[in-house]
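Student: Encoded as structure tokens, here's the structure I'll be asking about.
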Ligand code: MG
């Protein structure tokens, strides 16, 4: 292995406040969410997914999105993003001064219908509209593709579906596309092969990976994707998360462990190990889901 082939730095996209807290069944006080985001900023995170403009009827936990955006302490050079499902969500995000939004579509027809109530093709149509309007407003778009490495309902997914989806998202104008392992079904072989294959076909968009916990395999998956040339990794401090519409979904890859791995490899993330450790501990105190599920 040529150690010199590794990048000097990578980017960690912190999804804890949105993807991590979203499935939590007990409403978390707005001030605590703000504190979590502020601790992540303090730790040196440069990309933080703060909340979601999905209708509170579907995601009641994040119904306080406006208050959270109004309450956080923003640091120069840090991007605070939010999930938007449609043009209305984009409009609300713009009103909150959001400069980057994230979209989501699944490769799996069944998962997409469960998650968003429509087919992946219909969701892509909506995302295309979001991109066009976001461009007009000077807002950047990051796009998730869910169930890339397997679907809890349909099982194995043909990587060609993820490729076609990625190419469509790139053509709409996404600056970055994150391959989601929604329920922790990836392994180090697929975590190398699929990102490598898709990255070789993208021309403008950067590729990221988004792994979920499965007996620690998520860290091996990140390493495999690093070897495939990926330099952007999603994580949630404290390993929070899951998916309310995916049976058996485990927590997100823990940012604090990912940060340690890169630091020990001599790869810079810009994140302070001690401070992200504190943010992770704080995040765990917010969660009722994490107990009994960590590492599974
Ligand atoms: Mg996730």
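Student: For the stretch 167-177, give me each residue that is surrounded by fewer than 24 Cβ atoms within 10 Å (Cβ to Cβ) and not in a loop (DSSP other than H, G, I, E, B).
Tutor: Quick first cut of the stretch 167-177, residues surrounded by fewer than 24 Cβ atoms within 10 Å (Cβ to Cβ) only: 167-168, 170-173, 175-176.
Listed by number, the residues that qualify are 167, 168, 170, 171, 172, 176.
Student: Taking the criterion of being buried (at least 18 other Cβ atoms within 10 Å of the Cβ), part of a helix (DSSP H, G or I), touching a helix residue (DSSP H, G or I) at 6+ places or on another chain (Cβ under 8 Å) and touching a residue at least 24 places away in the same chain (Cβ under 8 Å), would at least one residue in the stretch 136-156 satisfy it?
Tutor: Among the residues of the stretch 136-156, not one is buried (at least 18 other Cβ atoms within 10 Å of the Cβ), part of a helix (DSSP H, G or I), touching a helix residue (DSSP H, G or I) at 6+ places or on another chain (Cβ under 8 Å) and touching a residue at least 24 places away in the same chain (Cβ under 8 Å), which makes the answer no.
Student: Taking the options 77, 89, 44, 71, name whichever one is away from the ligand (no atom under 16 Å from the Cβ), on the phi > 0 side of the Ramachandran plot and in contact with a helix residue (DSSP H, G or I) (Cβ under 9 Å, 6 or more places away or on another chain). Give the derivation first.
Tutor: Values: 77 fails: in contact with a helix residue (DSSP H, G or I) (Cβ under 9 Å, 6 or more places away or on another chain); 89 fails: on the phi > 0 side of the Ramachandran plot; 71 fails: on the phi > 0 side of the Ramachandran plot.
Just a single option satisfies the conditions, and that option is 44.
Student: Just to verify a result, which residue in the stretch 107-131, among those that are without any contact (Cβ under 8 Å) to a residue 12 or more places away in the chain and surrounded by fewer than 16 Cβ atoms within 10 Å (Cβ to Cβ), is nearest to residue 170 (Cα to Cα)? Spell out how you get there, then give the answer.
Tutor: Step one: of the stretch 107-131, the residues without any contact (Cβ under 8 Å) to a residue 12 or more places away in the chain are 113, 117-119, 121-122, 125.
Narrowing further to those that are surrounded by fewer than 16 Cβ atoms within 10 Å (Cβ to Cβ): 117-119, 121-122, 125.
Details: 117: 23, 118: 21, 119: 19, 121: 15, 122: 17, 125: 13 Å.
Ranking the qualifying residues of the stretch 107-131, first place goes to 125.
Student: Does the stretch 182-220 hold any residues that are away from the ligand (no atom under 13 Å from the Cβ), within 21 Å of residue 108 (Cβ to Cβ) and not in a loop (DSSP other than H, G, I, E, B), and which are they?
Tutor: Those that are away from the ligand (no atom under 13 Å from the Cβ), within 21 Å of residue 108 (Cβ to Cβ) and not in a loop (DSSP other than H, G, I, E, B): 189, 190, 191, 193, 194, 195, 197, 198, 207, 217.
Student: Right, here's the next one. Restrict the check to the stretch 151-169 and report whether at least one residue is under 13 Å from the mean Cα position of the chain (by Cα) and either under 23 Å from residue 132 (Cα atoms) or within 13 Å of the ligand (Cβ to nearest atom) (or both). Steps first, answer last, please.
Tutor: Within the stretch 151-169, the subset under 13 Å from the mean Cα position of the chain (by Cα) is none.
Scanning the stretch 151-169, I find no residue that is under 13 Å from the mean Cα position of the chain (by Cα) and either under 23 Å from residue 132 (Cα atoms) or within 13 Å of the ligand (Cβ to nearest atom) (or both), so the answer is no.
Student: For residue 265, which of the numbered conditions (1) away from the ligand (no atom under 16 Å from the Cβ); (2) at pLDDT below 95 fails to hold?
Tutor: Condition (2) is where residue 265 drops out.
Table: residues versus (1) surrounded by fewer than 23 Cβ atoms within 10 Å (Cβ to Cβ); (2) farther than 22 Å from residue 60 by Cβ; (3) at pLDDT 95 or above.
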{"site": "199", "(1), (2), (3)": "yes, yes, yes"}
{"site": "204", "(1), (2), (3)": "yes, yes, yes"}
{"site": "208", "(1), (2), (3)": "no, yes, yes"}
{"site": "216", "(1), (2), (3)": "yes, yes, no"}
{"site": "225", "(1), (2), (3)": "no, yes, yes"}
{"site": "229", "(1), (2), (3)": "yes, yes, yes"}
{"site": "235", "(1), (2), (3)": "no, yes, yes"}
{"site": "242", "(1), (2), (3)": "no, no, no"}
{"site": "253", "(1), (2), (3)": "no, yes, yes"}
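Student: Given (1) within 16 Å of the ligand (Cβ to nearest atom); (2) part of a loop (DSSP other than H, G, I, E, B); (3) more than 13 Å from the chain's Cα centre (by Cα), where does residue 242 come up short, assuming only one miss?
Tutor: (3)
The values are calculated or read from the model by the stated rules, or taken from the named source; none is laboratory data. Worth saying up front: this structure is predicted, and the values here are computed from it rather than measured. In this analysis, Cβ positions are derived from the backbone assuming ideal geometry, glycine residues included, and neighbour counts consider all displayed protein chains.
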